[in-house]
Amino acid sequence: MKFSNSDSEIRHFFKYEYGYINIDSENIYLTHTGNWSETVNMEAKNNKTIQKSTKRKWWILSCIIIGSGLIYLFHFLEILSVGKSIILILFIPLNCLPLYKYMRSELGQKFLIPIKNITSIENENSGLRINFRNEVFEDDTVYLEYPRGLDKEFLQQLLAEEKD
C-alpha cells in the first residue's frame, strides 16, 4: 500500500506475521500498528531495543497464559458444578489461540533499519531475510515472515535508488 504525505514523499506499509513494515525513502520501520506516528522517535536496532522487545514479549505472553489460565479455571469450575462432561475441559485451552492471534502484532520487533545499511535481501521459505549493519555497525539480520505484498524486487529497487 502507498501513502503520500505533504512533502510528496512516497511511503509504503505492509503487514507481516508479527506487525507492520513501514518504508519511506530512508528507512524501513518494523512497527506494531503500521501507524506512521509510531516511527517518529524510533531507534535503530541495538541492545536497548532488543531488551525492550524481549521484556514486552514476556509480558504479553505472561498475560496470555494467565488470562487463558483464568478462563480455563472458571470454565473448569462451571463444568464441574453443572456436571457436564470432562471432555469439554480439553477444548478450553483453545481459548489461548484467539487471544494469541489478537496480540500477535504486539509480539513483533520494533526498530528501524536505514536503507543505506542493508547489505542483502534474500527470499527464504515464506518470508524475507534482510541482512544489514545495525546501530553499532555489526552485521545483523531480521526475518520477516509472511510479508503481504512486499517482495524482494521492491526492496532491491529501493536499495538501487538509495545508492544513486
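The values are calculated or read from the model by the stated rules, or taken from the named source; none is laboratory data. Note that this is a predicted model, so its numbers are computed, not measured. Quick reminder, even Gly has a Cβ in these numbers, built from the backbone with ideal geometry, and neighbours come from all protein chains shown.
Observations, loosely collected:
- Filter pass, residue 141 being closer than 20 Å to residue 20 by Cβ, at pLDDT 85 or above, assigned to a strand (DSSP E or B) and polar (S, T, N, Q): yes
- The selection criterion, being among the basic types (Lys, Arg) and either under 19 Å from residue 26 (Cα atoms) or at pLDDT below 85 (or both), does not hold for residue 148.
- Counted residues, segment 133-164 - those being within 23 Å of residue 51 (Cα to Cα), free of Cβ contacts under 8 Å to residues at least 40 places away in the same chain and surrounded by 12 or more Cβ atoms within 10 Å (Cβ to Cβ): 3
- Note on segment 7-45: residues that are at pLDDT below 85 and at positive phi amount to 1.
- Boolean, residue 22 is in contact with a strand residue (DSSP E or B) (Cβ under 9 Å, 6 or more places away or on another chain) and either polar (S, T, N, Q) or assigned to a strand (DSSP E or B) (or both): yes
- When residues of segment 46-100 are limited to those that are under 29 Å from residue 141 (Cα atoms) and basic (Lys, Arg), the one modelled with the highest pLDDT: 55
- The one condition from (1) exposed (fewer than 12 other Cβ atoms within 10 Å of the Cβ); (2) closer than 13 Å to residue 28 by Cβ that residue 111 does not meet is (1).
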